[in-house]
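**Student:** Structure below; questions to follow.
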Amino acid sequence: APLQASGAIGFAFDADYFNHLALDYKARLNMLAPVLREVGFQFSMPEGAYYLFADFSGISKQDDVTFAKWLVEEVGVATVPGSSFYSRPELGRSQVRFTFCKRDETLRAAAERLTAGIPGPASGVRP
């Protein structure tokens, strides 16, 4: 099976490769997370994933699909609606998933767009 074959190839890499990969992902997370918090997302820091689930209920009362579409169309940042990861979709209606396994320049651009595109609470303007 393809997954088994790719797993076997993974065993050929030494620990340095995986340690470096983990450090790279941690640096990317540390680039994105403060911006997400600054604009109003709430989340727990992941400890081994390349993504994070962020609650946007402090930013918008929209459902996750509508909010994700708004982020793409108005802010220019793509996420995945949280409900798509739950067997009971209603549990993810106020969440979106951000991935940080992207190039640094992509994450910097996303950070700039989020900062510029999501109105602060003091503005009274929320999507």
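**Student:** Would you pick out the residues in the stretch 1-45 that are within 30 Å of GLN95 (Cβ to Cβ), hydroxyl-bearing (Ser, Thr, Tyr) and part of a helix (DSSP H, G or I)?
**Tutor:** SER6, TYR25
**Student:** Oh, and also: Please go through the stretch 53-72 and pick out each residue that is open to solvent by less than 10 Å² (accessible area, probe 1.4 Å), over 18 Å from ARG113 (Cα atoms) and among the aliphatic types (A, V, I, L, M).
**Tutor:** The answer is none; no residue qualifies.
**Student:** So, one more: Do you know which residues across the stretch 82-94 are open to solvent by 30 Å² or more (accessible area, probe 1.4 Å), not acidic (Asp, Glu) and not in a loop (DSSP other than H, G, I, E, B)?
**Tutor:** Within the stretch 82-94, SER84, PHE85, PRO89, LEU91 qualify.
**Student:** Right, here's the next one. Identify the single condition in (1) in a helix (DSSP H, G or I); (2) under 17 Å from LYS102 (Cβ atoms) that LEU52 does not satisfy, given that it satisfies every other one.
**Tutor:** (1) is the only condition that LEU52 fails.
**Student:** Turning to a different aspect of this structure: Could you grab me the full set of residues in the stretch 32-67 that are touching a residue at least 24 places away in the same chain (Cβ under 8 Å), of a type in the set (Ser, Thr, Tyr) and in contact with a Phe, Trp or Tyr (Cβ under 9 Å, 6 or more places away or on another chain)?
**Tutor:** Correct list: TYR50, TYR51, SER60.
**Student:** For the stretch 88-110, how many residues meet the condition of being farther than 17 Å from VAL35 by Cβ and without any contact (Cβ under 8 Å) to a residue 24 or more places away in the chain?
**Tutor:** Result for the stretch 88-110: 4.
**Student:** Find the residue count for the stretch 5-29, including only residues that are within 14 Å of the chain's Cα centre (by Cα) and open to solvent by 80 Å² or more (accessible area, probe 1.4 Å).
**Tutor:** Total satisfying the criteria: 1.
The values are calculated or read from the model by the stated rules, or taken from the named source; none is laboratory data. Every value quoted in this text rests on a predicted model; they were computed, and no experiment measured them. Virtual Cβ from ideal backbone geometry, glycine too; neighbours counted across all protein chains shown. Quick note on the areas: whole protein, heavy atoms, side chains included, nothing else; ligands and nucleic acids left out. Shrake-Rupley method; radii C 1.70, N 1.55, O 1.52, S 1.80 Å.
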